[in-house]
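The values are calculated or read from the model by the stated rules, or taken from the named source; none is laboratory data. Keep in mind it's a predicted model, so treat the numbers as computed, not measured. Virtual Cβ from ideal backbone geometry, glycine too; neighbours counted across all protein chains shown.
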C-alpha cells in the first residue's frame, strides 16, 4: 500500500462519499493549548467513516464478484456502511448482525436495503454465519478492518484533512479493529509533513495499547466500554502498519470519554458517538500530562461517527 | 433600513462573527421534496444568531456610551450574546435575567463576563430593573428584537445564506420577538431573487400568526411551548417590516417540533434547540399540505441556535 494506492483509492471513491467539513472550536483550542481541527466523519454518508473502505472494496470487485454481492458481519457502523455502499453501487449486501445489536442499527441496515441475518453475539458465531452465507451465495466477504482495500479507503479521511491542513503535527484516531488508524497512519506518512499519528483507546478495551508494547496482537481482556465501536481487536493486515507508523496509543477512562463527548456536544453543537469522543479524551489527557508537546501545535482529530441512540444517552 | 444599511452592517460585524456553514441532508431533501439549505447559526459564537445584532448595536455606540456599557434583559440566547459581544469589544454588560432562567444560561453569561442581576420572572419586572440599571450606570439599553441596529444585524445570516445560494425560492425563520424574521425579510427583499420569507411559530405562542391576520400587534394567550426562545411578542420597530415583507406564518404543534428536532439530530448529526426545530417543522407541515409549492424548489432554513440543556432533553 503505497502513496499511489491511496491516491487511486481516493479518486475512485470520491464520487460516492462526502468530503466532510473540518470544524474548529475556540473553547477546545483554549482547553488543549493547541489548534485542533476536527474532521467530521459523523457527517459522512451513513453517519461514519466506514463507507469509505466499504465503497473502495466494492468498487474493486470483479464483474463476476459483483453478481454475487458481498457479505459482512458487524453490529454497527460497518453494517450500515456496507448496506448503503452496496445499494448505491447496485449490488446485494448480506449483513450478519449479532442478536445484541442495537435496534436502531438494524433499522438503519434495513432502510439501506441490506439483508440482515441474526446470529449469536460472539465473534465466532458471526464469522461462521458469514462464511456459510459466502459459501451458499458466492458473496465476497468484506472484513470491517482487516482488509487492505478497506484500510486504504479509511485512510482517505486523513488525506482530505491534510489537504485542508497540510502542516498538522499530530493526527488522533480512535482504535477499534485497527482499519482507520492503519489507513490514517499511511496517509500521514505519505501526505503529511512529519505528522505523527496517535491512537485513543478505552482502558476497558486496551488491546492495541498492549499490542504495541508487546509487538504482537493481544486480545481484549475486558470490553466493558461505552465506546461500542472499539471493542474489536487488531488483525494481521493492519497490525504491521500500526506497529510501523503509529507513535503511541493513549488510554482513557469511561468518565473521560463521556466528558469529552459532552464537551463536543455542548461547545461544537455536533453529535458524536462515544467511540469518537475517545479521541478528544486522549488528546485532552495527553495534553494535560505533556503540555509542551502540544503548545501552539496543530492537531487533527478524526471524528469517526455520529450514530447514537438518542433514547440511551450517557447524560 | 435600506440595502446599504444591511451591507454596511455586514461589513461592520464580519470580523467579530463566524460566517457559519450551510449544510444539507439527502434524507430531509427527500422527505420535503425540495432542496433544503440549513444556515447553521447553532455554530455561531455563543451558540446562536443573536450575537450578530448585539455586535452591530455595540459597534454603533458613541465613545461616551461605550464608557458606560450596555444593559439588556433576557432569559436566554440574547443574554449570552450581549455578554460575549461586550467582552470581545471591551465594554461592560449588565444582564437582567429572570429567576426562572435555566442555570446553564446563567453560567454561560457569567463565563462570558456579564454582570447578572436576578429579577422576578415577568416582562414588567425585567424591564423595570433594566431601566433602573440604565439610570444608575448610564448603560445603554439594548432590546433583544425591537431595535433597528439589532434587526439589521440579525438579517446578516440571511445575507450570507443568499451569498451561497442566490436563487433560493423561500427562506424559513422562527418567529419569537420578531428581530430575526424582520432582518431576514429585509435581506431576502434586497439580496434575494424573488425569495419569499415564511415564519414558523408554535401554536402555543402564535402571537405573530394572529398579528399578521389582524394587522396589529397581538399578545400571546399561552406560551406553553418547548420552544423557549419564541415566547416573546413582536414590537413596533419590527412588526411593520414583518407585515410588509413576510409571506405567511405556519403554526406547528409541540409534537411536530420535537419530531423535527429529533430528525435533525439523527440525520444531520447537529445539535439544534427546539426554537430552531420549529422552522423545519413548519416547512415539513406546509410541504405536506402544499407539495406543489415546494417541488424541486430551493428552500433556506435559518437554524437559529443550538443551546440546549443536555440534562433535560425531550427524548
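Could you please let me know if residue A:216 is touching a helix residue (DSSP H, G or I) at 6+ places or on another chain (Cβ under 9 Å) and exposed (fewer than 15 other Cβ atoms within 10 Å of the Cβ)? First the steps, then the outcome.
Numbers: touching a helix residue (DSSP H, G or I) at 6+ places or on another chain (Cβ under 9 Å): yes; exposed (fewer than 15 other Cβ atoms within 10 Å of the Cβ): yes.
The answer is yes for residue A:216.
Could you tell me which of the residues B:200, B:176, B:153, B:183 is assigned by TED's automatic domain parsing to the domain that holds residue B:21 and in a strand (DSSP E or B)?
Numbers: B:176 fails: in a strand (DSSP E or B); B:153 fails: in a strand (DSSP E or B); B:183 fails: in a strand (DSSP E or B).
Testing whether each residue is assigned by TED's automatic domain parsing to the domain that holds residue B:21 and in a strand (DSSP E or B) leaves just B:200.
Remark: residue B:160 falls outside the filter, which requires a residue to be outside any loop (DSSP other than H, G, I, E, B) and under 16 Å from residue B:225 (Cβ atoms). For the condition over 19 Å from residue B:181 (Cα atoms), touching a helix residue (DSSP H, G or I) at 6+ places or on another chain (Cβ under 7 Å) and not in a strand (DSSP E or B), residue B:109 qualifies. For the range A:233-254, state whether one or more residues are at negative phi, modelled with pLDDT under 95 and not assigned by TED's automatic domain parsing to the domain that holds residue A:123. Yes, some residue in the range A:233-254 is at negative phi, modelled with pLDDT under 95 and not assigned by TED's automatic domain parsing to the domain that holds residue A:123.
Conditions tested, residue by residue: (1) touching a helix residue (DSSP H, G or I) at 6+ places or on another chain (Cβ under 7 Å); (2) more than 14 Å from chain B (Cβ to nearest Cβ); (3) under 30 Å from residue B:263 (Cβ atoms).
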residue	(1), (2), (3)
A:279	no, yes, yes
A:284	yes, yes, no
A:288	no, yes, no
A:294	yes, yes, no
A:298	no, yes, no
A:303	yes, no, yes
A:309	yes, no, yes
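Within the range B:39-72, the set of residues being free of Cβ contacts under 8 Å to residues at least 60 places away in the same chain and buried (at least 24 other Cβ atoms within 10 Å of the Cβ) comprises just one member, B:51.
The residues in the range A:89-99 that are surrounded by fewer than 24 Cβ atoms within 10 Å (Cβ to Cβ) and at pLDDT 95 or above can be counted, and the count is 4.
With respect to residue A:80, determine if the residue is touching a strand residue (DSSP E or B) at 6+ places or on another chain (Cβ under 8 Å), over 15 Å from residue A:140 (Cβ atoms) and in contact (Cβ under 8 Å) with a residue 12 or more places away in the chain. Spell out the reasoning first.
Numbers: touching a strand residue (DSSP E or B) at 6+ places or on another chain (Cβ under 8 Å): yes; over 15 Å from residue A:140 (Cβ atoms): yes; in contact (Cβ under 8 Å) with a residue 12 or more places away in the chain: yes.
Taking the combined requirement at face value, the residue satisfies it.
Of the residues B:109, B:82, which is buried (at least 20 other Cβ atoms within 10 Å of the Cβ), more than 14 Å from every other protein chain (Cβ to nearest Cβ) and modelled with pLDDT under 95? Explain how you work it out, then say what you get.
Details: B:82 fails: modelled with pLDDT under 95.
The unique qualifying residue is B:109.
Specify which of the listed residues (A:197, A:258, A:250) is within 14 Å of another protein chain (Cβ to nearest Cβ) and closer than 22 Å to residue A:286 by Cα. The unique qualifying residue is A:258. The sole residue among B:206, B:236 that is touching a strand residue (DSSP E or B) at 6+ places or on another chain (Cβ under 7 Å) and more than 16 Å from residue B:180 (Cβ to Cβ) is B:206. Restricting A:138, A:134, A:178 to those that are in contact (Cβ under 8 Å) with a residue 60 or more places away in the chain, on the phi > 0 side of the Ramachandran plot and more than 14 Å from the chain's Cα centre (by Cα) reduces the list to A:138.
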